[in-house]
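Heads up: the structure comes next, in structure tokens.
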Amino acid sequence: MLITTPNLTRPDESYAALIATHEGLSEAESHALNARLILILMNHIGDHAVLAEAMRLARDPGAQAKFSETVPNGPKSA
Amino acid sequence: MTALVPDRYTLAFRLYPYAKSPDQDAATPVRHGAVIVGGGPVGLAMALDLGRRGVPVLLLDDHEGAGLGSRALCFAKRTLEICDRLGAAGPMLEKGVQWNLGKVFHDDRLLYEFNLLPEGGHAFPAFINLQQPWFEKFLHDAIVQVRAEGAPIELRGKNRVDAVNVADDHVTLDILTPDGPYRLEADWLIACDGARSPVRGMLGLSFDGRVFEDNFLIADVKMKADFPTERWFWFEPHFKSGDSALLHKQPDDIWRIDFQLGWNIDRAKELEPENIRRRVDAMLGPDVEYELDWCSIYTFQCRRMEKFRHGRVLFAGDSAHQVSPFGARGANSGIQDVDNLGWKLALVLEGLAPESLLDSYDAERVHGADENILNSTRATDFITPKTPVSKLFRNAVLRLAEHLPFARTMVNSGRLSVPCTYDGSVLNGPDHPDMPARTRPGSVCPDAPLAGGWLLRQLGPGFRLLTIDSEAPEVLSAHGLTVPCLALAATPELTARYLGTAKGAVYLIRPDQHVAARWDRFDETAVAEALARAIGKV
Ligand SMILES: Cc1cc2nc3c(=O)[nH]c(=O)nc-3n(C[C@H](O)[C@H](O)[C@H](O)COP(=O)(O)OP(=O)(O)OC[C@H]3O[C@@H](n4cnc5c(N)ncnc54)[C@H](O)[C@@H]3O)c2cc1C
């Protein structure tokens, strides 16, 4: 199950680190870095069902919120 | 005279020269049981399979043998096992080149090496490299041999099928020969006439799928270079001979080289020898001497017919489904079609199984084709990314693969052909939870060493009962079939591959060596019922 509730131990640090990682890179280099980062994180997660859910959510970030409104306890299925 | 049926391609081997048949002078069309159109690898294997089962079979081809040129090269273990059952594998193995090691490069960097490291305890290697004309020749040699022993196989060269008319219980064929036209009837027609299948066209059937917008230059070069017997694949090679490149060894000092050229090319110009040489020189370096043996440019597609059975007409091989060559699934899957269809058609012709058994050929092999199309589409998308973002991720995978083993699992330069499991087939009977998943009903039997031989060789042409540490009668007779039992004691391989944690195992095995059903003990009623199901009687 994809975690969508707050889960970062140090959100501000992590965000700043992400931006800093791109420092001095051209746009193309940044895109390439992002792609590598996604692949590394995908491998860390591993579970295909979780990844597929994350991809759906990334494509349509509103989908889960809308769903949560109509279903009192939020989505149950993966 | 032969101008009436002109060659569309040059022959590597002239195998079945035209000879006039008495059928051509018959007052009314002669009726045959099974007629095959097309003598490529699939048609030849089909004729051999049916003929060995004693089914009279007639094969028609508009040429007189195996065509020259670079096509299939990698033949998979399962193909060799099937060819072994057909008595043709020995020479293939002897002539073919065996390889296990692959190297993947990006630009000028070696990203990683892989070893196919086939599991021990199998008679055949994971793959051999053998030129397609030789594969066809060895099938033909096996036909000649069994025909001498009485197998009812007839091959007619320079017999071009120009029209088919399908009735409910037979098919009429109009054939052109160097002596003019004649007409034949067939109870069953098997169309093995290749990707452009004229028979498919004559029936007005569609062949839908995807064309990949890319051209591949295939060059077979002859050289005495001492490159190792490995498969080398480059993404975006530093020598700039193409967007990707492949080097693979064949028998007779021939090497297969592929260059990915892109979509908008001038075909004729690219095929000029000096232009091919320019690419090959850049790849091999200036000091390597070689001759160009054969070159052609291909575009690739992945598509299939919606159904492989249309009443009395069955489609097999490239006529039914076409894949891009990444993963070597074309001829390899066509041979699995033959494996699946041969015994079913033989049982129907003998009146032992209902015609509806042939619908399971359609269901099972459509499933196989979809698996192959999925795999080769994914490989093609990785090798030739279709969008900028797809290329971005592809190159990110390659960049990581140099350092991180996890990324190597995503690198896809072709997932090599493995046999398909017919999960969910209507022919499947009961499973047993304590036995290994790899031998569940629908799976092809993995080979295993036995005292003095190999398991698959013991299975024979018909249904078999296989017992491991279990009691069963020597022969079971049911539904008009005689099923002999192969009784074995557990070995480490048999335990790992068949027994699992069960105390004993009883397997019902189909003539194509796929598992029909399995139990932990023999029960005559249960086995007879599974047999009925496996021949389409339930
Ligand atoms: C570059 C390349 C590389 C490949 N590499 C591999 C590989 O490594 N491994 C692999 O498994 N596959 C590979 N393939 C695919 C393989 O070549 C095909 O899948 C295979 O040839 C299909 O066999 P077939 O018998 O179905 O059809 P074909 O080989 O096309 O044979 C059809 C036959 O029908 C005959 N015919 C056609 N029309 C008529 C008519 N009207 N009347 C009578 N006869 C007719 C033709 O003359 C021909 O003999 C490759 C293909 C290409 C192009």
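The values are calculated or read from the model by the stated rules, or taken from the named source; none is laboratory data. These numbers come from a predicted model, not from an experiment. Ideal geometry is used to build each Cβ from the backbone, glycine not excepted, and the neighbour counts take in all protein chains shown. Protein only, heavy atoms only, side chains kept; ligands, DNA and RNA dropped before computing areas. Shrake-Rupley method; radii C 1.70, N 1.55, O 1.52, S 1.80 Å.
Before moving on, here are some points about what is shown:
- Unique residue being more than 14 Å from chain A (Cβ to nearest Cβ), touching a helix residue (DSSP H, G or I) at 6+ places or on another chain (Cβ under 8 Å), surrounded by 20 or more Cβ atoms within 10 Å (Cβ to Cβ) and part of a loop (DSSP other than H, G, I, E, B) when the list is B:441, B:419: B:419
- Residue selected from segment B:340-359 under the condition surrounded by fewer than 24 Cβ atoms within 10 Å (Cβ to Cβ) and charged (D, E, K, R), by the criterion nearest to the ligand (Cβ to nearest atom): B:359
- Being of a type in the set (Gly, Ala, Ser), within 15 Å of the ligand (Cβ to nearest atom) and farther than 30 Å from residue B:167 by Cα is a description that does not apply to residue B:38.
- None of B:277, B:303 is within 13 Å of the ligand (Cβ to nearest atom), more than 14 Å from every other protein chain (Cβ to nearest Cβ) and either modelled with pLDDT of 95 or more or open to solvent by 50 Å² or more (accessible area, probe 1.4 Å) (or both) except B:303.
- For segment B:375-390, the candidate set comprises residues that are more than 20 Å from residue B:258 (Cα to Cα) and open to solvent by 50 Å² or more (accessible area, probe 1.4 Å); within that set, the residue that is farthest from the other protein chains (Cβ to nearest Cβ) is B:387.
- Criterion (under 30 Å from residue B:74 (Cα atoms), among the small types (Gly, Ala, Ser) and either outside the structural domain of residue B:333 (by TED's automatic domain parsing) or in contact with a strand residue (DSSP E or B) (Cβ under 7 Å, 6 or more places away or on another chain) (or both)) met by exactly one of B:451, B:516, B:534: B:516
- Residues in segment B:186-196 that are within 10 Å of residue B:37 (Cβ to Cβ) and either assigned to a strand (DSSP E or B) or more than 7 Å from the ligand (Cβ to nearest atom) (or both): B:186, B:189, B:190, B:191.
- Consider segment B:219-236 and keep the residues that are part of a loop (DSSP other than H, G, I, E, B) and either without any contact (Cβ under 8 Å) to a residue 12 or more places away in the chain or on the phi < 0 side of the Ramachandran plot (or both). The one that is least open to solvent (accessible area, probe 1.4 Å) is B:223.
- Scanning segment B:447-482 for residues that are open to solvent by less than 40 Å² (accessible area, probe 1.4 Å), outside any loop (DSSP other than H, G, I, E, B) and more than 14 Å from residue B:515 (Cα to Cα) yields B:449, B:450, B:453, B:468, B:476, B:478, B:481.
- Residues in segment A:13-54 that are open to solvent by less than 60 Å² (accessible area, probe 1.4 Å) and part of a loop (DSSP other than H, G, I, E, B) were compared, and the one that is nearest to residue B:388 (Cα to Cα) is A:26.
- Pick from segment B:398-413, criterion more than 7 Å from chain A (Cβ to nearest Cβ) and of a type outside the set (A, V, I, L, M, F, W, C), ranking: most open to solvent (accessible area, probe 1.4 Å): B:403
- Number of residues in segment B:37-56 that are over 23 Å from residue B:174 (Cβ atoms), among the small types (Gly, Ala, Ser) and open to solvent by less than 30 Å² (accessible area, probe 1.4 Å) equals 2.
- Tally of residues being in contact with an Asp or Glu (Cβ under 6 Å, 6 or more places away or on another chain) and surrounded by fewer than 19 Cβ atoms within 10 Å (Cβ to Cβ) across segment B:490-521: 4
- Per-region count, segment B:306-339, residues more than 20 Å from residue B:416 (Cα to Cα) and buried (at least 23 other Cβ atoms within 10 Å of the Cβ): 6
- Residue that is modelled with the lowest pLDDT, among those in segment A:55-69 that are part of a helix (DSSP H, G or I) and either open to solvent by 60 Å² or more (accessible area, probe 1.4 Å) or within 13 Å of another protein chain (Cβ to nearest Cβ) (or both): A:69
- Residue among B:205, B:189 that is modelled with pLDDT of 95 or more, surrounded by fewer than 22 Cβ atoms within 10 Å (Cβ to Cβ) and more than 25 Å from residue B:93 (Cα to Cα): B:205
- Among the candidates B:212, B:239, B:216, the residue that is crowded, with 16+ Cβ neighbours inside 10 Å, more than 15 Å from the ligand (Cβ to nearest atom) and either modelled with pLDDT under 95 or in a strand (DSSP E or B) (or both) is uniquely B:239.
Each row is one residue, and each column tells you yes or no for (1) assigned to a loop (DSSP other than H, G, I, E, B); (2) open to solvent by less than 30 Å² (accessible area, probe 1.4 Å).
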position: B:35; (1), (2): no, yes
position: B:58; (1), (2): no, yes
position: B:75; (1), (2): no, yes
position: B:80; (1), (2): no, yes
position: B:87; (1), (2): yes, no
position: B:118; (1), (2): yes, no
position: B:124; (1), (2): yes, yes
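- Sole residue being touching a strand residue (DSSP E or B) at 6+ places or on another chain (Cβ under 7 Å) and of a type in the set (Val, Ile, Thr), chosen from B:411, B:389, B:426: B:411
- Search result, residues across segment B:469-510 that are farther than 24 Å from residue B:535 by Cα and among the hydrophobic types (A, V, I, L, M, F, W, C): B:488, B:489, B:490, B:494, B:496, B:499, B:502
- Test for residue B:199: is it in a helix (DSSP H, G or I) and at pLDDT 95 or above: yes
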